[in-house]
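Okay, so here's the structure we're looking at.
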Amino acid sequence: MDWTGKAVLITGASSGIGRGLALALAKQGAQVGLLARRRDLLDQIVHEIAGAGGKAIAMAANVEDAAEVRAALEAFASEVGAIDVLVANAGVGASNDPASLDADQVARVLGVNVIGVANCVAAVVPAMVARGSGHLVAISSLAAYRGLPKSAAYCGSKAAVSAFFESLRLDLEPRGIDVTIIHPGFIKTPLTAGRQAQMPFLMELDDAVRKIVWAIEKKRKSYAFPWQLATIVRAGLLMPIFMYDHIARRNSFRE
Ligand SMILES: NC(=O)c1ccc[n+]([C@@H]2O[C@H](COP(=O)([O-])OP(=O)(O)OC[C@H]3O[C@@H](n4cnc5c(N)ncnc54)[C@H](OP(=O)(O)O)[C@@H]3O)[C@@H](O)[C@H]2O)c1
């Protein structure tokens, strides 16, 4: 795939996977829109990309705020033209102890990981439908497939994103819009840094970014990696509940 001149809007671009995708796609000639709240970090990335001869535009916005997202995406489109690819990547993690469930924290996770994604999709889809082309990409998680211990909010949010995008695929593919759902396992980013619990098959960020770019280029409908953890998770889908519960309870990925 030729990324030259493509307008790619990446949310959560100030850090981790989003930052990695922005640098990789800009290097291949894409015009990248960087959306996140921390303006200073976005400006540094713009500077780095411009220094390497690429084009990037920073937009400080909170994905939970529909008006801010709409304004940011309009500003990006007015600068570079129609948005070809949206990568809905912004997300937050959380550890939940259901015995003292913090409903506000659950709302925050769902607000960023689900409503934030919906705000971005709502802001780009009308123009894509009008043009009959575009590509929506969600960075979901292997945590979307089944519930995991101490992860009620995160698993719930990622299951919602995956189902949301699957529904979008059914409706939008016939109208010329590609839809890709990425289900990563554990990747070394600030999100996972400092975690004490086991993180099987933990991947380097650069390797993960390469895989995500490949899946977008191939217009994969769904892509789960690394294959070892994806295979285990898929096996979990086939297990009867008593067997799944027995194994999942003994394999917490959160302290
Ligand atoms: N790392 C992993 O192992 C892993 C595995 C599976 C899936 N994922 C998913 O991959 C995505 C990226 O995660 P990461 O590991 O790269 O984490 P990260 O380094 O913590 O980056 C998260 C990004 O989301 C942005 N963000 C958070 N809240 C936001 C908000 N309200 N509005 C706008 N931007 C917001 C942050 O920017 P600001 O703080 O500047 O706003 C930051 O750029 C997430 O959706 C995560 O669930 C990660």
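Values for this structure:
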| read-out | value |
| --- | --- |
| Protein-only accessible surface order, largest first, of Met1, Met203, Met128 at 1.4 Å | Met1, Met203, Met128 |
| 10 °C / 1.306 mPa s Stokes-Einstein diffusion coefficient of the chain, Kirkwood radius on C-alpha pairs, µm²/s | 86 µm²/s |
| Nonlocal amide H pairs with Ile187, under 5 Å, H built at 1.01 Å | Met203 |
| Neighbour net charge for Arg19 - beta-carbon separation under 12 angstrom, K R +1, D E -1 | -1 |
| Fraction of accessible area attributable to carbon and sulfur, the chain (%, probe 1.4 Å) | 55 percent |
| Solvent exposure of the chain as accessible area per residue, Å², 1.4 Å probe | 47 Å² |
| Average projection area in nm² (convex hull over Cα atoms of segment 1-45, one quarter of hull surface) | 2.8 nm² |
| As computed over segment 98-225, the Cα convex hull volume per residue (Å³) | 115 Å³ |
| Long pairs among Lys150/Lys221; Lys6/Lys219; Lys188/Lys221; Lys55/Lys158; Lys6/Lys158; Lys188/Lys218, criterion Cα-Cα beyond 22 Å | Lys150/Lys221; Lys188/Lys221; Lys55/Lys158; Lys6/Lys158; Lys188/Lys218 |
| Positive-end extreme of charge dipole, the chain - chosen from Phe165, Ala197, Leu238 (charges on Cβ) | Leu238 |
| Gap separating the Cα centres of segment 213-254 and segment 28-47, nearest whole Å | 31 Å |
| Sum of -39500 (n - 2.57) over DSSP H runs of 4+, divided by residues of the chain (222 nm, nearest 500) | -15000 deg cm²/dmol |
| 0 to 90° range, to nearest 10: angle between helix 205-217 axis and the chain longest Cα axis | 70 degrees |
| Taking the chain and dividing mean pair separation by its residue count, relative contact order in percent (alpha carbons under 8 Å, at least six apart) | 17 percent |
| Accessible heavy-atom area order of Tyr244, Tyr145, highest first, probe of 1.4 Å | Tyr145, Tyr244 |
| Packing-based order for 159-172, 7-20, 230-243, 129-142, using average beta carbon neighbours within 10 Å, highest first | 7-20, 129-142, 159-172, 230-243 |
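The values are calculated or read from the model by the stated rules, or taken from the named source; none is laboratory data. Quick caveat: nothing in here was measured; it's all calculated off a predicted structure. Reconstructed Cβ throughout: ideal geometry from the backbone, glycine too, with neighbour counts over all protein chains shown. For the accessible areas, the whole protein counts, side chains as well, though only heavy atoms, and no ligand, DNA or RNA atoms are used. Shrake-Rupley method; radii C 1.70, N 1.55, O 1.52, S 1.80 Å.
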